[in-house]
Amino acid sequence: MSKLKIQNQDGLTLLEVLIALLILSLSLLLLLNMAMVALDGNDWANNTTLTTHLMQEKLEQLRSTNNPGSGVDTARGVVRSWTVNNAGANLNEIKIRVDWEDVRGTAKQDSLTAYLKS
């Protein structure tokens with residue numbers, strides 16, 4: 001009666017290496033997707049902060065003007081347009097709109113309405 005001798009294997013088989021590479025590749029793809037989502041979120045946050053600042057800046061400029069009028073300008077790649085309407089006795093309605101494009105080239109816009117004593 002002969003005994004089977006099992007040899008100790010020190011190392012990895014080719015199949016184990018391939019499975020490890022597959023798992024690593026899938027993990028890296030998921031991390032890449034998460035990075036792209038984070039970059040899109042950062043771009044949206046930066047543009048929203050910038051456009052809000054530009055709208056507030058224009059509102060302050062119009063507030064400091066004695067007789068504000070409607071107009072359009074461009075600041076930091078963002079197109080701002082504003083209209084000033086008489087909303088009653090000594091009251092002006094100011095509507096400010098900003099238009100910009102995100103990193104993907106999609107048109108975005110935001111607006112602000114304020115009432116100022118004239």
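Assorted remarks:
- Among the residues of segment 69-114, those identified as touching a helix residue (DSSP H, G or I) at 6+ places or on another chain (Cβ under 7 Å), surrounded by 11 or more Cβ atoms within 10 Å (Cβ to Cβ) and part of a loop (DSSP other than H, G, I, E, B) are 102, 103.
- Within segment 87-116, being among the aromatic types (Phe, Trp, Tyr) and within 24 Å of residue 76 (Cβ to Cβ) holds for one residue alone: 100.
- Selection within segment 46-69 - of a type in the set (Gly, Ala, Ser) and in contact with a Lys or Arg (Cβ under 9 Å, 6 or more places away or on another chain): none
- Residue within segment 20-33 that is surrounded by 12 or more Cβ atoms within 10 Å (Cβ to Cβ) and either part of a strand (DSSP E or B) or modelled with pLDDT under 95 (or both) present: no
- Residues in segment 50-68 that are surrounded by 15 or more Cβ atoms within 10 Å (Cβ to Cβ) and within 24 Å of the chain's Cα centre (by Cα): 50, 51, 54, 55, 58, 59.
The values are calculated or read from the model by the stated rules, or taken from the named source; none is laboratory data. Source: prediction; values computed, not measured. Here the Cβ is made from the backbone with ideal geometry for all residues, glycine too, and neighbour counts use every protein chain on show.
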